[in-house]
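Have a look at the structure below before the remarks.
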Amino acid sequence: MGQVRVRFAPSPTGHLHVGGARTALFNYLLARQLQGVFVLRIEDTDMERSTEESVTVILESMEFLGLEWDEGPGKGGEFGPYFQSQRLDIYRKYADMLVKSGRAYECFCTPKELDEMRQAQKQRKEDLKYDGRCRHLTEEQRQEFIKQGKKSVLRFKAENEGVTVVNDLIKGKVTFDNHQLDDFVIIKSDGIPTYNFAVVIDDALMQISHVIRGEDHLSNTPKQIQIYKALDFNVPRFAHMPMILGPDKSLLSKRHGATSVTQFRDEGYLPSAMINYLALLGWSYDDAQTIFAKQELIDKFSLEKVSKNPAVFDIKKLQWMNGVYIRELEIDELYQMVLPHWQELEFLPKNPSNEQKERAKSILKSLQERIKLLSDLDDSAYYFFQDELRYNEKAVRKVLYKEGSLEILGYLLTELLAVKEFTQENLEPIFKQAQNKFERKLGDIMQPVRVAVTGTNVSPGIYDVLGLVGRAKSCQRIKNAMEMIKFHQKEV
Ligand code: GLU
């Protein structure tokens, strides 16, 4: 086998979604494993739907995931340009070659004529396909149509006898009856190539050895193989990956929630977790292992182990996995990741002092075990930085308004104000004493303080919270909570 050259060929008509990201990943993994080349090609021949923003978002998403390409936008390479919109002359040249060799022809049929043809086929209960009526136009007929100002497309003269076999590296041998193929359009009347044509010219000229893409393209493959053969190009190996479904087993779509990489990024998913999770969408190493670092994926990935069956996207599993990767981060890394966002939220100033940095890191340390998404940190950290508490109503009702809470808080407030230093060693005995005094479980003593100081009943350990919030603010919040309770007691 010569050098492995694979490609990811997105159409820039929107964001990079889970399916595309997985396609990019599998291509990337194979390229890295086999010291191959990973090409990024932008398939922007749909002039109406392609946008520059979408190109930018796709590149950004690939960079976020760490799927670095070797040739393509921003990288160059000897097989460029890597935007299909800049390769129109190339497609034209190969289309002309097909015309010369008798494998393509001009078709002047109007949409109306095509429609009538289909209606008639429907009535006769025949397959709906172009009937090849322009295959044998004489030169006079051609000239006449041109004189009439009729527009033409170029159609490929498809082989419609026998079968086309795709030896798919994932699906196995798939046989297509050529009879099903019609003379499909390769160049539209505006001179723009169709996907099935441009993709072949590019994959051939870019010397792509393996075409790895979604199963939705399997049915295009026989058409493409015929074009490779008609132009005497080497046919690459094909591998079609199973589709990705939502939990309801329908094709994964926006209906199922976030599906674009940028959305996931903004919600606080780590690239490492995303890569690991995407790899498992249709691929597995064995039944046991689920956590794979990128290098491990590069070493262990193989197309043979990609499933033929659809994969189900499980957001819960991705969240869980993200939590695993968050816990593996060094505190400094986690700090660097959240810093820009925390500055935006004004948790931290533009230039935090050393003391502020250390405090932020201690806060992160106390929360690291508890979060699944970086964005969870916004809600679970704000009370360390902002004065105004957002009380969780349920927690207030269940905990603060419970009988005895006012007395517990009153007692603790006096003690907390009096204690020498606000450290874990000093705080612990105060809670123990309160426990004895009120004859309650330790949790019953801690919960009112937790709700008073954080506004909610879930937080890191209470001594950590008190230490990090500090004495003044903690005591002020306890006083506020006591006022709330008193007010409530008067009301009822
Ligand atoms: N531009 C096509 C798509 O985004 C590429 C398909 C292929 O990989 O051949 O679906």
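Probe 1.4 Å, all protein chains in place: accessible area of K171 in Å², nearest 10? For K171, the solvent-accessible surface is approximately 40 Å². Extension gain for S219-Q289 works out to 21.9 nm (0.36 nm per residue, less the C-alpha to C-alpha distance). Taking the inverse of the mean 1/r over every pair of distinct Cα atoms in segment 200-359 gives a Kirkwood hydrodynamic radius of 19.0 Å. Semi-axes of the equivalent ellipsoid for segment 104-255, computed as √(5λ) from the eigenvalues of its C-alpha gyration tensor and ordered from largest down, come to 31, 20, 16 Å.
Beta bridges from DSSP with both residues in the chain: antiparallel share about 55 percent, rounded to the nearest 5.
Using the average count of surrounding beta-carbon atoms within 10 Å as a protection proxy, the listed peptides 191-197, 367-373 rank, highest first, as 191-197, 367-373.
With no solvent and one equal point scatterer placed on each C-alpha of segment 133-192, evaluate the Debye formula and give log10 I(q)/I(0) for q = 0.15, 0.17, 0.27 Å⁻¹, two decimals. Normalising to I(0) and taking log10 leaves -0.64, -0.73, -1.11. Using every pair of separate Cα atoms, the Kirkwood estimate puts the hydrodynamic radius of segment 35-75 at 11.2 angstrom. Note: relative contact order over segment 109-207, using C-alpha pairs below 8 Å and six or more positions apart, is 23 percent. Semi-axis lengths, largest first, of the ellipsoid equivalent to segment 291-387 are 35, 15, 11 Å, with √(5λ) applied to each eigenvalue of the Cα gyration tensor. With Cα atoms defining each centre, segment 276-300 and segment 455-492 are spaced 45 Å apart in the structure. The residues of the chain have, on average, 50 Å² of accessible surface per residue, using a 1.4 Å probe with all protein chains present. Eigen-decomposition of the gyration tensor built on the alpha-carbon atoms of segment 306-464 gives equivalent ellipsoid semi-axes of 34, 22, 15 angstrom, largest listed first. Over the chain, Cα pairs under 8 Å with separation of 6+ residues give a relative contact order of 12 percent. When the helices of the chain are scored as -39500 (n - 2.57) per DSSP H run of n ≥ 4 and the total is divided over every residue, the value at 222 nm lands at -14500 deg cm²/dmol.
Be a star and scan segment 221-252 for residues whose amide nitrogen sits under 13 Å from the point 7 Å along the Cα-to-Cβ vector of M97. Label zone hits: 227-235. Here the label points at E60 and Q35, each 7 Å from Cα along the C-beta direction, are separated by 3.7 nm in the simple model.
Across segment 1-118, Cα pairs under 8 Å and at least six residues apart give a relative contact order of 25 percent. Let me see the pair-distance distribution of segment 294-339: every alpha carbon pair, 10 Å bin width, integer percents in order. Binned Cα distances yield the sequence 20, 31, 35, 13, 1. The phi torsions of segment 294-310, fed into the Karplus equation with coefficients 6.51, -1.76 and 1.60 and a -60° offset, translate into couplings of 4, 4, 5, 5, 4, 6, 9, 4, 8, 5, 4, 8, 7, 6, 7, 8, x Hz, rounded to whole numbers, with Gly and Pro shown as x. Computed over every Cα-Cα pair of segment 53-108 and binned at 10 Å starting from 0, the pair-distance distribution P(r) comes out as 20, 33, 23, 18, 6 percent. Which percent of the accessible heavy-atom area of the chain goes to carbon and sulfur, probe 1.4 angstrom? Here it works out to 48 percent. Among 45-52, 81-88, the peptide with the highest mean count of other Cβ atoms within 10 Å heads the list, and the full ranking is 81-88, 45-52. For segment 208-265, the Stokes-Einstein estimate of translational diffusion at 37 °C and a viscosity of 0.692 mPa s comes to 238 µm²/s, using the Kirkwood hydrodynamic radius over alpha-carbon pairs. Sorting 23-29, 182-188, 421-427, 98-104 by average packing, meaning the other beta carbons within 10 Å per residue, from highest down gives 23-29, 182-188, 98-104, 421-427.
Looking at segment 264-347, which GluC sites (Glu not before Pro) are in a loop (DSSP not H, G, I, E or B) and have at most 16 other Cβ atoms within 10 Å? Here the GluC sites (Glu not before Pro) that fit, given the DSSP loop and packing criteria, are E267, E330, E346. Counting pairs of Cα atoms in the chain, how many percent are more than 29 Å apart? Value for the chain (Cα pairs over 29 Å): 63 percent. As an exercise, use a Förster radius of 60 Å and the Cβ-Cβ distance of S302 and E139 to find the FRET efficiency, rounded to the nearest 0.05. The value I calculate is 0.65.
The values are calculated or read from the model by the stated rules, or taken from the named source; none is laboratory data. Small disclaimer: the values here were computed from a predicted structure and weren't measured. Please note: Cβ atoms are built from the backbone with ideal geometry, for glycine as well, and neighbour counts cover all protein chains shown. In case anyone asks, the SASA skips ligands and DNA or RNA and just uses the protein heavy atoms, side chains included. Shrake-Rupley method; radii C 1.70, N 1.55, O 1.52, S 1.80 Å.
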